[in-house]
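Encoded as structure tokens, the structure appears first; notes follow it.
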Amino acid sequence: MSSWIDFDKHLLLSLNGSDSLFFDGLMKTLTTATTWIPLYVALLYLVIKNNDSMKKVLLIVGAALLCVLLAGTIDDLFVKPTVARWRPARDGEIGFQVDIVNGYRGGRFGFFSAHAANTFSIAVYFMLLVRSRLLSAALVLWSLVNCWTRLYLGVHYPGDILVGLLWGAVVGTFVWYFHQRLCKRLEFTTTYISEHYTKTGYQFSDADTVVSVLAFTLLYAVVRACLYLYVS
């Protein structure tokens, strides 16, 4: 365990920070939850557009909220204070070596990463729900980008990220399975015969819309980082 912790710290120092003000601004934008509001709205649009009753929509929204509750909220309330592993930026051993952006150090404890768990649980749940390869790849990219920002900013170790991703995968799969069981009990069925729909009845064009929103959000983050560089 001691050798693993040492490796985790050395790996973090090799990934953390840079001398680029552009990347500093980019990481701060991408790690902020409000940046991704358009993506959440697009996912909600996808759900509403492709389900024929409000009960189905509410069930999916409830399942997504359950992902966040099980993945991140439990982590923040119970796991982090119990394990009590200091974030890299607050670690007395290597904290002085960690690059800090605008004084941002996060909370006290960092095991495991709620960013990784939350985003990957949502990604896995919608991957299983929609079954669009392009959307699945985009959501995995979204989660990994969030993970990258946490390493860059020095607020999580790679081990924190890895465990967060694993837990997020478990939660997303469990919630999807639970959702499917409820759908069967409530006799929710989806029928479709068209190459324009995924295996689970979602229009490919609507899934592509979510991907487009994600792409524009990334572009927005780049533009904002350029402005951050200009102002600095």
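Could you please let me know if Leu70 is within 16 Å of Leu128 (Cα to Cα), within 16 Å of the chain's Cα centre (by Cα) and open to solvent by 20 Å² or more (accessible area, probe 1.4 Å)? Break it down into steps so the answer makes sense when it comes.
On the way: within 16 Å of Leu128 (Cα to Cα): no; within 16 Å of the chain's Cα centre (by Cα): yes; open to solvent by 20 Å² or more (accessible area, probe 1.4 Å): yes.
Here the answer is no, as Leu70 does not meet what is asked.
Can you pull out the residues in the stretch 6-40 that are free of Cβ contacts under 8 Å to residues at least 12 places away in the same chain and either touching a His at 6+ places or on another chain (Cβ under 9 Å) or open to solvent by 50 Å² or more (accessible area, probe 1.4 Å) (or both)? Show your work before the answer.
The initial filter retains those residues of the stretch 6-40 that are free of Cβ contacts under 8 Å to residues at least 12 places away in the same chain, namely 6-7, 10, 14, 19-20, 32-34, 37, 40.
Listed by number, the residues that qualify are Asp6, Phe7, His10, Ser14, Asp19, Thr32, Ala33, Thr34, Ile37, Tyr40.
Looking for something under 20 Å from Ala71 (Cα atoms) and aliphatic (A, V, I, L, M) - is there at least one such residue anywhere in the stretch 91-114?
Kept after step one, since they are under 20 Å from Ala71 (Cα atoms), are these residues of the stretch 91-114: 106-114.
Next, only the ones that are aliphatic (A, V, I, L, M) stay: 114.
Yes, there is a match, as at least one residue in the stretch 91-114 is under 20 Å from Ala71 (Cα atoms) and aliphatic (A, V, I, L, M).
Which of the residues that make up the stretch 149-196 are touching a residue at least 12 places away in the same chain (Cβ under 8 Å) and aromatic (Phe, Trp, Tyr)?
Those that are touching a residue at least 12 places away in the same chain (Cβ under 8 Å) and aromatic (Phe, Trp, Tyr): Tyr152, Tyr157, Trp167, Phe174, Trp176, Phe178, Phe188.
Are there any pairs, at least 6 apart or on different chains, whose C-beta atoms fall under 8 Å, with the first in the stretch 92-110 and in contact (Cβ under 8 Å) with a residue 12 or more places away in the chain and among the hydrophobic types (A, V, I, L, M, F, W, C) and the second in a loop (DSSP other than H, G, I, E, B) and exposed (fewer than 14 other Cβ atoms within 10 Å of the Cβ), and if so, which?
Phe109/Ala84
Out of the residues in the stretch 73-99 that are surrounded by fewer than 16 Cβ atoms within 10 Å (Cβ to Cβ) and of a type in the set (Asp, Glu), which is nearest to Leu129 (Cα to Cα)?
Taking the candidates together, the pick is Asp76.
State all residues of the stretch 105-136 that are in contact with a Cys (Cβ under 8 Å, 6 or more places away or on another chain), over 16 Å from Val175 (Cα atoms) and open to solvent by less than 10 Å² (accessible area, probe 1.4 Å); if no residue qualifies, say none.
Ser113, Ala116
May I ask you to verify whether Leu186 is surrounded by fewer than 20 Cβ atoms within 10 Å (Cβ to Cβ), of a type in the set (A, V, I, L, M, F, W, C) and over 16 Å from the mean Cα position of the chain (by Cα)? Show your work before the answer.
On the way: surrounded by fewer than 20 Cβ atoms within 10 Å (Cβ to Cβ): yes; of a type in the set (A, V, I, L, M, F, W, C): yes; over 16 Å from the mean Cα position of the chain (by Cα): yes.
Here the answer is yes, as Leu186 does meet what is asked.
In the stretch 137-178, what residues are among the polar types (S, T, N, Q) and open to solvent by less than 20 Å² (accessible area, probe 1.4 Å)? Please lay out each step first, then the result.
Let us first name the residues in the stretch 137-178 that are among the polar types (S, T, N, Q), namely 143, 146, 149, 173.
Passing the criteria: Ser143, Asn146, Thr149.
Provide a single number: the residues in the stretch 8-41 that are in a helix (DSSP H, G or I) and either aromatic (Phe, Trp, Tyr) or farther than 15 Å from Gln97 by Cβ (or both). Please lay out each step first, then the result.
The initial filter retains those residues of the stretch 8-41 that are in a helix (DSSP H, G or I), namely 8-15, 21-30, 33-41.
With either aromatic (Phe, Trp, Tyr) or farther than 15 Å from Gln97 by Cβ (or both) added as a condition, the list becomes 21-30, 33-41.
Adding up the residues that qualify gives 19.
Return the total of residues in the stretch 42-79 being more than 30 Å from Asp99 (Cα to Cα), aliphatic (A, V, I, L, M) and free of Cβ contacts under 8 Å to residues at least 60 places away in the same chain. First the steps, then the outcome.
Step one: of the stretch 42-79, the residues more than 30 Å from Asp99 (Cα to Cα) are 42-67, 69-70.
Applying the additional criterion that residues be aliphatic (A, V, I, L, M) yields 42-44, 46-48, 54, 57-61, 63-66, 69-70.
This time we only want the ones that are free of Cβ contacts under 8 Å to residues at least 60 places away in the same chain, so: 44, 47-48, 54, 57-58, 61, 65, 69.
Within the stretch 42-79, residues that are more than 30 Å from Asp99 (Cα to Cα), aliphatic (A, V, I, L, M) and free of Cβ contacts under 8 Å to residues at least 60 places away in the same chain number 9.
Report yes if Ile48 is in a helix (DSSP H, G or I), crowded, with 21+ Cβ neighbours inside 10 Å and modelled with pLDDT of 95 or more, otherwise no. Full working, then the answer.
Details: in a helix (DSSP H, G or I): yes; crowded, with 21+ Cβ neighbours inside 10 Å: no; modelled with pLDDT of 95 or more: yes.
So Ile48 fails the test.
Taking Trp4 and the conditions (1) more than 30 Å from Asp91 (Cα to Cα); (2) of a type outside the set (Asp, Glu); (3) assigned to a helix (DSSP H, G or I), which numbered condition does it fall short on, given that it satisfies the others?
(1)
Condition check: in contact with a Phe, Trp or Tyr (Cβ under 8 Å, 6 or more places away or on another chain), in a helix (DSSP H, G or I), under 28 Å from Asp6 (Cα atoms) and at pLDDT 95 or above. Does Ala117 satisfy that? Before the answer, list the steps.
Details: in contact with a Phe, Trp or Tyr (Cβ under 8 Å, 6 or more places away or on another chain): yes; in a helix (DSSP H, G or I): yes; under 28 Å from Asp6 (Cα atoms): yes; at pLDDT 95 or above: yes.
Yes.
The values are calculated or read from the model by the stated rules, or taken from the named source; none is laboratory data. Since the model is a prediction, treat every value here as computed from it, not as a measurement. Every residue, glycine among them, receives a Cβ derived from its backbone with ideal geometry; neighbour counts consider all protein chains shown. Surface areas here come from the heavy atoms of the whole protein model, side chains and all, with no ligands, DNA or RNA. Shrake-Rupley method; radii C 1.70, N 1.55, O 1.52, S 1.80 Å.
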